[in-house]
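Below you'll find the structure, written out as structure tokens, and then a few comments.
Derivation of every value follows stated rules applied to the coordinates shown; laboratory data play no part. All values reported here derive from a predicted model rather than from experimental measurement. Neighbour counts run over all protein chains shown; Cβ positions are idealised from the backbone, glycine included.
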Amino acid sequence: MNPAQRITTLVAAVGLVAGCAHQPYSRGESTAPTATCAPGDTAMRRSVLYFGAAIPDSSDTVDAAEWQAFLDRDVTPRFPDGLTWFDARGQWRGHDGQVIGEDSRVLILLHGDDAAATASIETIRNAYKQTFAQEAVMVERELSCVAF
């Protein structure tokens, strides 16, 4: 395991992200890391994904076993060095204009800033939407400085 992978694994395992200067990500800006990190820190991309648990047009939800199977099948093989997730509660306005409050899960990934990682995240988002009939899986991205 290379040093960046060890850092990713440790950070993801304990859910720590060191706060240092970073630039927010937007579709219009370059994805090249531009974070100014303290000496000894490593600049990485932090992606946070939000997964709704309510299955549309149903009283069913994505339960713990289904979520774990999704992680095992679709997420862990793409980010085997580590990840952090937790249960949450959220709400959003769907395409039909209705505000939906629902149980959710938040997934945090720390990874390199490369096309392969971006493609893996898009594959994860699309797999969840298709598997659980979701309208959307939100992702936020930012640069982070990590250290131990």
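Taking a spot 7 Å from the Cα of M138 along the direction of its beta carbon, which residues of the range 56-72 have an amide N less than 20 Å from it?
So the set is 56-57, 62.
Among R105, R89, what is the fewest-to-most ranking by other Cβ atoms within 10 Å?
In order of increasing Cβ crowding within 10 Å: R89, R105.
Which distance in nm do the two modelled labels at A119 and D57 give, with both placed 7 Å along the Cα-to-Cβ direction?
Distance between label points: 3.3 nm.
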